[in-house]
Structure formats: C-alpha cells, structure tokens
Protein chains: 2
Amino acid sequence: MLKIRRVAIDTYPENTAFLLRQSNGYSAEQFQALRKIRVNGDSAEILATLALVDEPTMLKPGEIGLGEQAFRRLGLPEGAPVAIEQAMPPTSLEFVRRKIDGDTLQDDEISAIIRDIAAHRYSPMEIGAFLVACASFMSTQETLAVTRAMADVGNRFDWKAPLVVDKHCIGGIPGNRTSMIVVPIVAAHGLIMPKTSSRAITSPSGTADTMEVLANVDMCEADMRAIVAREKAVLAWGGRVNLSPADDVLISVERPLRIDTFDQMVASILSKKLAAGSTHLVLDIPVGPTAKVRSQDDAVRLRKLFEHVADKIGIVIDIVTTDGSQPIGRGVGPVLEARDVMAVLRNDADAPPDLREHALFLAGHVLDFDPALRGGRGYARAMELLASGEALAAMERLIEAQGRQTTRYAPGEHVHEIHSPHDGRVNAIDCHRIARIARLAGAPMDKGAGIDLLHKVGSDVRKGQALYRIHAQSRIGLGFARDLAMEDSGHEVAR
Amino acid sequence: MLKIRRVAIDTYPENTAFLLRQSNGYSAEQFQALRKIRVNGDSAEILATLALVDEPTMLKPGEIGLGEQAFRRLGLPEGAPVAIEQAMPPTSLEFVRRKIDGDTLQDDEISAIIRDIAAHRYSPMEIGAFLVACASFMSTQETLAVTRAMADVGNRFDWKAPLVVDKHCIGGIPGNRTSMIVVPIVAAHGLIMPKTSSRAITSPSGTADTMEVLANVDMCEADMRAIVAREKAVLAWGGRVNLSPADDVLISVERPLRIDTFDQMVASILSKKLAAGSTHLVLDIPVGPTAKVRSQDDAVRLRKLFEHVADKIGIVIDIVTTDGSQPIGRGVGPVLEARDVMAVLRNDADAPPDLREHALFLAGHVLDFDPALRGGRGYARAMELLASGEALAAMERLIEAQGRQTTRYAPGEHVHEIHSPHDGRVNAIDCHRIARIARLAGAPMDKGAGIDLLHKVGSDVRKGQALYRIHAQSRIGLGFARDLAMEDSGHEVAR
C-alpha cells in the first residue's frame, strides 16, 4: 500500500500519478507495464498515467504523488492508503477492433463500448480509433444503438408530463443565441421547456456561457426541478446534471480530430435530449457555404437520419432548415450576445432583426406543438408574447429564479477595428473565420471578448469603414485575434 | 523568453513542459490554447504537453520546467533561453480527415503525412485516426506510397553491391530466432547480409534482444559498415541507425490498438528493407491457428501484396509460407533463445531440431539468390556450412567484431513449472499465450526471463509432468507469469 501525497502539478485533462523511480518496490520492466495504472483507494478509484520522479524532495519512499486533477478526481485525503495495479485495457476494445475490421456491431456490444468510454476507461487514442472506424461506416441500427447507449449511461430526467418541449440547433453559426429568446417566449405561453445547454468547446460561446452573463447556470437537478415547477422553464448548463456523459468524452476527441459525421451528430444530440426527458423537439439545421451543412442534399440526408432515430426513441421531432450563410445577430462572444438577446426581448428599435426573426420562427415551431395552437398559429402567438413584454418578464423571472449574476460583465476594453479594404457591398461572412477570431480574442473564457459585427451581408460599406470590432480583455488576446483577422478578415466585400 | 530548468520527472514517452500557473505572463484562456506547445530554443525545438505548477519551489517566474524526456530531446542546457508558442496541428491532418471521409490520397499527400508523423508532429490520437482510416480501406497504390514515403524519411543505406540479401519473418511465433543462424551461414558462404533487427515491442524477444545476450548490437552506421566490410554480415539493432523512423512511431500506436492490417505490415517491412539497402529478400510467412496469418487464403492475399509492392520498389522477393502452428525451438526469451541458437550452430545433439530445420530451409532460400548456386542448391550448401562448423566460426567472428557481451546472462533463477493436467499428447500450443506469459515473467527487459518448452506438439506426457518451465529474475515477474499460466497454460493436452 502507498500513501497519497498531493503534488501541485495540474495535467488537465489527464490524471497523473507520480512514483519515485528508485526504491518503490517495482523494477524497470514492471514500470513499463505500469505506465497506465489503476489507483485503488478505500472508497474510490481512478485511472492515471504514471510519471517517474528522480527528485527525493517531491516524494518519499512509500508515497504516491497525485497531480491536482488526479487528486481531485479520486477525492481521498492526503495520507490515505491506496494500492496500484496495471490498468488492463477494457474488454470492449475487442468490439472496437471488430468495427475497425469492418464488422457491424450488435446493440449490446455498442452498449459495452459506450459504458467504458463514459467511465473514462478509454484513452483518447482508443476513442479516436472507435470514432474513425464509425466514420468509415455505420448502419442506421448502429447509430440508433449508440444514441440509446449514450442516453442510458448517466442521469435521466423524467418530467412526468406528456409535453416537454425543446429546441436545438446543430451549431456552427456564431451569434445564434436564439434559445435565450425562445425559452422565455415558450415559458410565457406555459409549455414546459427545461433547457440544458453546453458550454462552448470550439465555438466562441455556448448558450450556457452567454446565459451566465445574466444569471447562474450551474445548478443541481433539484434546483432545476424547483425552477421548472415554478417558471415552466430553465436555462441551465447541462454539465452538472450528468446527462449523456459519454457524449462529453466523445466530443473531447471529435473536436481535435474534427470528426463531424452525421451519425455522431445525431447520436450526440438525440442522446442528450432523451436523457433530458424531452418529448418534442424543434431542430434547427442551418445550411450555408461555411455552415456545418453545406447543401440541401446533405440537409435532407441528415434530416432523414434524425427523423428515423428520433422516431425509434420516441421523440417527436420537427426539423427546420434555415439560412446559415452568415453569423446571426451582431455580437459574437458571451457579453456581446447577451446584449443582443436582451435588446430583442426588450423590443429595442436597434435590436438585431435577423436574431429576432430567427428566434420568433423557432419559437413558433415549438409553440405549434401545443395542441391548442395547432394549425400554424405558433408564430403569431410568439410575436404576441414578445411584443407584449411577456417574454421579457418571463426572462426576468428566470434570471431571478436561477440567481442574477453578481459580476457586471462588460465588452472587453481592448479593441481593434477591422476595416473594409475598398468601397463595395458585403457579399459573404465566413462563419468559421469569425468564430476563430472571436475565440482567439479570448471568448468564451473571457466573457467580454468577441466580435461586434457592424455590417452584415448586403450592407454597403466605404473604404476604411469598420466591418467589425474585436473586443478582448487582455492585450495578448487582442494581438492573437488581430493577427488572424488581418490575415483574412472573413468578410468578402464586392466592389 | 523563458529559461530552461530541468525537472526530475520522467513522463516517457511524452514530452512534458512545466509552467507556473501564476505570474507567467499568460492568462487562463491562453493556457487552454497552449496545452500543446512548441518550445523553441536557439538551435532546437520540441513539442511538449504543458502542465501547470502551483508549487513555487519547483519553478521560478521566468522559468520553464522540462521533464527528463523533454530535456533530453531538446538537448539544450539548463538556463538556455527558449520561447513557447501554441503548437498548431500539422497541415497534413487535412489529408487524414479526407482519408477518414473515404477519399483515396495522392502520393504527395501520403508523403506529407508520413513526414509529419516521423517528425513527432502527430499525437497518438491523430496517428490512431490515420491508421484506422487506412485499415478501413487502402488502395494498393496507397500502400506503395506509404512504403516509399516511410523509406524516404530517415536514413538510407547503399551498400554499392548488386546483391545485398536479407531475410525477414512477419513474426508472431515465439522462439523463432532463425536470423541468428541464417546470417552466419550466409556470411560463411560469402554473400553480403547486413541484418538490422528490432527489439521486441509486444513479443518476449526480438532478434536484437537475443543477439545482445552474446554481443553488442547497438552501433552506429560507420561501425556497421566496417563490420560488414570484413565479415560480410552484421546482426545489429536497427534503432540507432534511424531506418524508417516513421515506422517506429506508427508501431507505437498500432501495437496498443492491435491494428495489424496487411497493408501496414507490407509498408512497415518493405520500407525498412528499402531503407536498409536490401536488394533480395526471403520473407517467411508462418501460417497457423494462433499465428498472424491463419489461413492459406490470407497467406496468398498477403503474398500478392508483398510481391506487388516489392516489385515496384525494386526488391527481389522470395516468399515462403511455413508452419506456424506452435513456437519454434525450446526457449522463449533472450537468454533461452540464445542458448538454442548456439546449440544449433554447435551441432549439439540435443539442439532443437525444428529451429535447426527452419533456419536451414530459410538459409537455403537466401543462398539460392547466389547466381552460382541457382537450381535449388542453396539448401545443401546451407547444410554443409552448418555441419562443417563454418557457420559457427562465422558467428564467433561476428560476435568478436560487434563486441562480445561482457555481462554473463543466465536463465532467471526464479522458476515455476507448469504441469500436464492428465496423461495424453500435446495437441496444440498457443503462440499468443506463451508470448504473453514469457512477457509477464519479464522478457525481454529481463534477459533471463522467459519460458523453456519441455514438450512440443506431438509429445506424449504423463499427468503431473512438466510441460514448460517459467524463468523470471524477480519474484513479482514470476508471480505475474504464473498467475496467467495457471489460468490457461496455452497447452492443449489430448487424452
């Protein structure tokens, strides 16, 4: 048995354990086998990568060092006794190998893989192998099995209601913060809409990041339930309530490898919705030259896959394909997006019309799920609730219920404007490029960082006129973003 | 600029750099982007994973800590100034993504991928993605391109001779140390056979590990050339001379994922042979129920691929399929295998007959490349050179030339025998199982660890009679191996 010693080294996201190279009871060849170890404590265990230490001040014989991340995850105090053993590869890897060989897997084999992935038993390399093997071919039945398996690990909400509505966009369009408008409209109407959202991983902001500018989003299930019972809705971060945890692990590998197959997208989104207890879902698929879906043919293929899987898992789905040719609204990044959202809810005269219109369109589709409104009356009802201020009031109640944000965030004070190279008309805005620039400026970690779009597609501009303004909270962030923007602004201005 | 400080932590095989979390000039969000960094010194650079340190005794502001592995690889002294920047993903990853999407890649695209892999610019996850994408489909042209690209990075030998022979086995059969018999036979005949071998990665011993029991195998190119000039041959470890370095990187990911496609095998083997300057190659494909190739159909498919690629890169290849139904010889593990090899070369009466026969068969095929011997006279010539002691004399000269091993290795003193459960006849021996048991005993790192097979297939045994003996140098190793052997001995004894 070894005693835990906390080591002030953070190797996020990896767990790292440290052992003295000498006088530890193991010989060199065992260490080779022990590179990945299982650390077993009395009441908890973790997998960790082993690092060898030659520095006797850092560890004493009989001690095992745990880096910050490993110490936190294991959750045992310093000095607690643990045993270590070689971490054996999970048996479900055999199924991954068969998938690599071109086999189609059975439901229970897929379940075993997803369970092991959710339990952090796979290395990123092994997860990557599974994802790439799936990218080469997946049957519809396999996609369905992955969806179900993902929803089955982790938490599962049951709202004990026949109609629990939800709205989701497949992403890729900066500034597209419609959920923060749709949810208050729908709540004001009286449907149940417990919306959990993610934080941004590679985009400049997720709904949770933007909502957090206004209110607390980090809450446990009990708090979510209490708020939904009173307000019909919530706008919470989904990370705390452990819905489809396998999805978070898969995403951590999909993103760096940029694996974005339709199968994975369908499984990821629908497993979260199933776990969140949604019964009716409006799904927004933006189509555009720099969006995730770039042609109507692809949109139709994706739509059919969504409809098939949703049907099998018992979710009523209404899929809308929308214009994804440029960012939506003006602000990109948490503070700037929150500003736009509140402008729409307040019916400000200068609120971004495209954001308002897009949110009303989606809210209308969600309201159409209400049997009392069927016949396409959802849109009119959404307009009414927005115009009357009822949606704004619902938002204010939600903010109060979740806990109003005490920090006053403002747009980043370090500012740089990108100018039009000549007279002309804005012809196209590259969603990818804008997202990357905003991200380098510091969004979403720096709430005030991002981009303020001053001219959208169709706008006439003069040479030297500002196309957009980069906001950053640090000089370094501004420098990163400016360098990228000066290389290519992401705006095409036709003479 | 930061100053290097050496940190006595070994995170092999990863490079790790350490920075103070506080007062380092970077903010939290930049760190997220900086997880993988490029450390640029005056004359060298490395990629490293960044760990954050909260312990001010370990590092001072303005310092960057480098773990043992990173410090060694960068090769700059402590205190040397370095700059860090975000390590951008290599541009060739775009081709990997296209391969994942099902595209067939062009030669120059494959070259770019292989160059970046050899330069350690890919993470294990990214290498895994490339390999799995290739496993799902590879055209023959792609396999050829990978082979050429792998041979083109790293060193390339030219022996300035029209006939440079080589012999290779695709592996998987424990105890199969024929190279150490074939090379002295061929050298005694007078053909040029500069044999580079690998160390074991997942097997209990590689030819380099076993040869090292007798002689030094770790030499530079100049030493190899000098020995070959005098002795016509050499039995060296290939790791030092940097032949097809991309192969070593790919193998480090193929093994844990157990990706063993024919395409990768052909590219791996033939790229090494091309880089090593071989002109004529005898390739041994063992076929058996627990071998790498398990049916004659597969053997034919593999043979055709080898022949196609070898032909295109200008290597004359002679492929033999052999019996791979059980281990060859008695010893498994460096010391025990070296004992068997020397017994064959000395014509000892109790030398393992199967090892002797297999080596003569392969040596005969290699000698058949000699125009003077054509017409199938190679085998008789090989027998003559072995029986006359000329092969033994050639081996002794090689050992002297390479440097006789000064350490006297002996079989591991910790011993456990595995007994037959009943009277009967040995029906089958599982190559995989025997390899794993020998490996857990400590082979190849502990030279004396391994297995001594006392009864081979066809042998009659009595209940309680020893089937094999496990040797280990440590009690822990013996325990590991014994536990696995007692679960399943790998021997099938038919009543």
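The values are calculated or read from the model by the stated rules, or taken from the named source; none is laboratory data. Fair warning: this is a prediction, and the values are worked out from it, not measured in the lab. Please note: Cβ atoms are built from the backbone with ideal geometry, for glycine as well, and neighbour counts cover all protein chains shown. Quick note on the areas: whole protein, heavy atoms, side chains included, nothing else; ligands and nucleic acids left out. Shrake-Rupley method; radii C 1.70, N 1.55, O 1.52, S 1.80 Å.
For the protein assembly as shown, compute the orientation-averaged projected area of the C-alpha convex hull (one quarter of its surface), in nm². Intermediate results must be reported in sequence, preceding the final value.
Details: hull surface 175.4 nm².
Reported value for the Cα convex hull: 43.9 nm².
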With every protein chain left in place and a probe of 1.4 Å, what is the accessible surface of B:THR321, to the nearest 10 Å²? 60 Å²
List the distances, in nm and shortest first, from the label point of A:GLY479 to the matching label points in every other copy, placing each point 7 Å from Cα along the Cα-to-Cβ direction. 5.5
Please work out the ratio of the alpha-carbon Rg of segment B:224-373 to 2.2 N^0.38 Å and round it to two decimals. 1.14
Here, A:GLN106 and A:GLU94, labelled 7 Å along Cα→Cβ, have an inter-label distance in nm of 1.2 nm
Taking every DSSP bridge whose two residues both lie in the protein assembly as shown, the antiparallel percent to the nearest 5 is 55 percent
Sorting from shortest, the nanometre distances separating the label point of B:SER43 (7 Å past Cα along the line to Cβ) from those of the same residue in the other copies are 5.7
Given axes a ≥ b ≥ c from the Cα gyration tensor, I'd like to know whether segment A:382-495 is rounded (a/c under 1.5), prolate (a/b larger than b/c) or oblate. oblate
Excluding residues fewer than 8 places away in the same chain, name every one of the lysines whose C-alpha is closer than 26 Å to that of B:LYS273. B:LYS160, B:LYS167, B:LYS195, B:LYS232, B:LYS292, B:LYS304, B:LYS312
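Just to be sure I understand: of the beta bridges DSSP finds with both ends in chain B, what percent are antiparallel, rounded to 5? Walk me through the intermediate numbers first.
Values: 33 of 63 bridges.
Roughly 50 percent of the DSSP beta bridges within chain B come out antiparallel.
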Compute the angle between helix A:353-367 and the longest alpha-carbon principal axis of chain A, please, reported from 0 to 90 degrees and rounded to the nearest 10. 70 degrees
Where does helix B:431-441 land angle-wise versus the long Cα axis of chain B, in degrees 0 to 90, nearest 10? 60 degrees
Extending each Cα 7 Å along its Cβ direction at B:ARG6 and A:CYS220, get the distance between those two points in nm, one decimal. 5.0 nm
Let me check I've understood the local charge: for A:GLU384, count other residues with C-beta under 13 angstrom from its C-beta, Lys and Arg +1, Asp and Glu -1. What total comes out? +1
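Evaluate Rg over Rh across segment B:57-203, taking Cα atoms for both radii and Kirkwood's formula for Rh.
Working: Rg = 21.3 Å, Rh = 19.7 Å.
Taking Rg over the Kirkwood Rh, I get 1.08.
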Residues in segment B:183-227 reached by a label modelled at B:THR406 [backbone nitrogen below 18 Å; 7 Å Cα→Cβ]: B:212-220
Rounded to whole angstroms and listed largest first, the alpha-carbon spread of segment B:285-394 along its three principal axes comes to 41, 38, 20
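In whole Å, what three semi-axes, largest first, describe the equivalent ellipsoid of segment B:156-314 built from its Cα gyration tensor (square root of 5 times each eigenvalue)?
Whole-Å semi-axes of the equivalent ellipsoid: 25, 18, 16.
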Length gained if B:ARG255 through B:GLU390 is fully extended, taking 0.36 nm per residue and subtracting the Cα-Cα distance, is 44.7 nm
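Would you list B:SER123, A:SER136 from the most to the least accessible area, probe 1.4 Å?
Numbers: B:SER123 30, A:SER136 55 Å².
These residues rank, largest area first, as A:SER136, B:SER123.
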Neighbouring partner chain Cβ atoms per residue of B:119-131, average, 10 Å criterion: 5
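Of the listed peptides B:472-482, A:357-367, B:367-377, B:298-308, what is their order by residue-averaged count of other C-beta atoms within 10 Å, with the highest listed first? Don't jump to the answer; show the numbers that get you there.
Numbers: B:472-482: 20.8, A:357-367: 23.8, B:367-377: 14.9, B:298-308: 17.1.
Going by the mean number of other Cβ atoms within 10 Å, highest first, we get A:357-367, B:472-482, B:298-308, B:367-377.
Net charge within 15 Å of A:VAL217 by Cβ-Cβ distance, Lys/Arg positive one each and Asp/Glu negative one each, not counting A:VAL217 itself? It would help to have the intermediate numbers written out before the result.
On the way: positive: A:ARG177, A:LYS195, A:ARG199, A:ARG240, A:ARG404, A:LYS447; negative: A:ASP209, A:GLU212, A:ASP218, A:GLU221, A:ASP223, A:GLU231, A:GLU337, A:GLU400.
Neighbourhood net charge equals -2.
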What is the distance in Å between the Cα centroid of segment A:134-210 and that of segment B:76-145? 34 Å
Once the label point is set 7 Å along the Cα-to-beta-carbon vector, what list of distances in nm do you get between B:SER325 and its counterparts in the other copies? 7.2
Once each part is reduced to its C-alpha centroid, what is the distance from segment A:268-332 to segment B:331-406 in angstrom? 68 Å
In nanometres, the difference between 0.36 nm per residue of separation and the alpha-carbon distance of B:ASP311 and B:ARG475 is 54.0 nm
Under 13 Å by backbone N from the virtual spin label 7 Å along Cα-to-Cβ at A:ASP42, the residues of segment A:49-77 are A:76-77
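When 1/r is averaged over all different Cα pairs and the result inverted, which Kirkwood radius in Å belongs to segment A:144-235?
Numbers: mean 1/r = 0.0691 Å⁻¹.
Taking every pair of different Cα atoms in segment A:144-235, averaging 1/r and inverting gives 14.5 Å.
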Largest-first principal axis extents of the Cα set of chain B (Å): 73, 52, 46
Taking only Cα atoms, what is the 0 to 90° angle, nearest 10, from helix B:390-402's long axis to the longest principal axis of chain B? 20 degrees
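Relative to 2.2 N^0.38 Å, what does the C-alpha radius of gyration of segment A:1-121 come to as a ratio? Two decimals please.
Numbers: Rg = 16.5 Å, N = 121, 2.2 N^0.38 = 13.6 Å.
The value comes to 1.21.
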Return the sequence-ordered ³J(HN,Hα) values of segment B:318-334 in whole Hz as given by the Karplus equation 6.51 cos²θ - 1.76 cosθ + 1.60 applied to θ = phi - 60°, using x for Gly and Pro. 10, 9, 10, 9, 10, 6, x, 7, 7, x, 10, x, 10, x, 10, x, x
Bin by bin, in steps of 5 Å, what percent of the Cα pairs in segment A:323-374 do you find, going until the bin that has the longest distance? 4, 20, 23, 21, 15, 10, 6, 1
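For chain B, give the percent of accessible area contributed by carbon and sulfur heavy atoms, probe 1.4 Å, rounded to a whole number. Provide the component values of the computation, followed by the final result.
Details: 9850 of 19870 Å².
Reported share for carbon and sulfur atoms: 50 percent.
How much length is gained on full extension from A:LEU454 to A:GLN141, taking 0.36 nm per residue of separation minus their Cα-Cα distance?
Working: separation 313, 0.36 × 313 = 112.68 nm, distance 4.66 nm.
Between A:LEU454 and A:GLN141, full extension yields 108.0 nm more.
If you rank A:TRP237, B:TRP159 by how much accessible surface each has, with a 1.4 Å probe, what is the order from largest down?
Details: A:TRP237 65, B:TRP159 35 Å².
Output order, biggest surface exposure first: A:TRP237, B:TRP159.
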